[in-house]
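Notes to accompany the following structure.
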Amino acid sequence: MTDLKAFYERFHGASKPRSRIIRANDFMYGWVIRAIAPFAKDGAAFLDAGCGEGDIVLHAASRGLRCTGTDISERAVAACNESARRLGLAENARFLAGLIEEIELPLESFDLILCNQVIEHVPDDGGFLRRLHALLRADGRAVITVPSQEAPAHHWRKRFAGRDYFDEEVGHLRRYTADTFRRTVEAASFDIVTQYEEEGPIRSVLFTCRSGRLVRKIFRGPLLRIVAPIDFILMRWLHGAAHVIVAKRHRDTPCES
């Protein structure tokens, strides 16, 4: 726990309060916002477990959801709370620091839970998911995403660099195939509603490869406008960089703390 917390305090060392709310078509988080949109009803209780710098929570709060974000990094959470204050969203968005397994939250209290690219960072991914299961209401939905073992950029880095330096930089302990992801979620007593791939190969390269990050900084707007339709076409032939599962609580499984 100490080493894990220290890693993410360093990782979020440059966290700063946000000056704006991201849009629904945001290049980085647009596909995640689309994934939760069908369940993001006005007034719903929303939890983002592993919220990072809070962009999705702030977006959801601006749309009328009652939001909670948690993260292991105290620096990230401090920046998130200041963002909520500056953007006038403190009433609808609160952020808590710590492990989700240890933060005191009422059981069965959330209509919608997002766990976006988080369980690959934690040693006990099953325990993390079981905690989310306990926090989800009986008729609620959990949207869980993970990095794909089949992601083209991951394979390219392994082939040409001999290792995936991106996984090392961000603290990935593992990646998932569609099958291992499904079995991990089901083992935590969730029923899977739907499963699919997201995040096209170009967007993945722009965010996870060093050369891609440079291209993104140089071209920005013009580049982003053409990537989405091309990625949509490429996804028909190549694997996406992320697996997505929408899940609900198993009706016969008791809620556990």
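What do you reckon, is Asp111 surrounded by fewer than 23 Cβ atoms within 10 Å (Cβ to Cβ) and more than 15 Å from the chain's Cα centre (by Cα)?
yes
Any residue in segment 130-148 that is without any contact (Cβ under 8 Å) to a residue 60 or more places away in the chain and not basic (Lys, Arg)?
no
Can you give me the number of residues within segment 108-153 that are in a helix (DSSP H, G or I) and modelled with pLDDT of 95 or more?
Total meeting the criteria: 14.
Just the residues that are modelled with pLDDT of 95 or more and part of a loop (DSSP other than H, G, I, E, B), please, taken from segment 172-203.
His172, Leu173, Arg174, Arg175, Thr177, Ala188, Ser189
From the residues in segment 7-18 that are under 19 Å from Gly88 (Cβ atoms) and either in contact with a Lys or Arg (Cβ under 7 Å, 6 or more places away or on another chain) or modelled with pLDDT of 95 or more (or both), which one is most open to solvent (accessible area, probe 1.4 Å)?
That would be Arg18.
Could you tell me which residue of segment 60-97 is nearest to Arg34 (Cα to Cα), considering only residues that are part of a helix (DSSP H, G or I) and in contact with a Cys (Cβ under 6 Å, 6 or more places away or on another chain)?
Ala60
Does any residue in segment 237-257 that is closer than 26 Å to Arg174 by Cα come within less than 8 Å, Cβ to Cβ, of a residue that is modelled with pLDDT under 75 six or more places away or on a different chain, and which pairs are these?
Arg249/Cys255
Among Gly50, Gly69, which is the only one that is closer than 18 Å to Ile119 by Cα and touching a Leu at 6+ places or on another chain (Cβ under 8 Å)?
Among Gly50, Gly69, only Gly69 is closer than 18 Å to Ile119 by Cα and touching a Leu at 6+ places or on another chain (Cβ under 8 Å).
Looking at segment 33-45, can you tell me whether even one residue there is surrounded by 18 or more Cβ atoms within 10 Å (Cβ to Cβ) and free of Cβ contacts under 8 Å to residues at least 60 places away in the same chain?
Scanning segment 33-45, I find at least one residue that is surrounded by 18 or more Cβ atoms within 10 Å (Cβ to Cβ) and free of Cβ contacts under 8 Å to residues at least 60 places away in the same chain, so the answer is yes.
The values are calculated or read from the model by the stated rules, or taken from the named source; none is laboratory data. Values in this document were obtained by computation on a predicted structure and should not be read as measured data. FYI the Cβ positions are ideal-geometry reconstructions off the backbone, even for glycines, and counts take in every protein chain you see. Just so you know, the surface numbers come from the protein's heavy atoms only, side chains and all, with ligands and any DNA or RNA stripped out. Shrake-Rupley method; radii C 1.70, N 1.55, O 1.52, S 1.80 Å.
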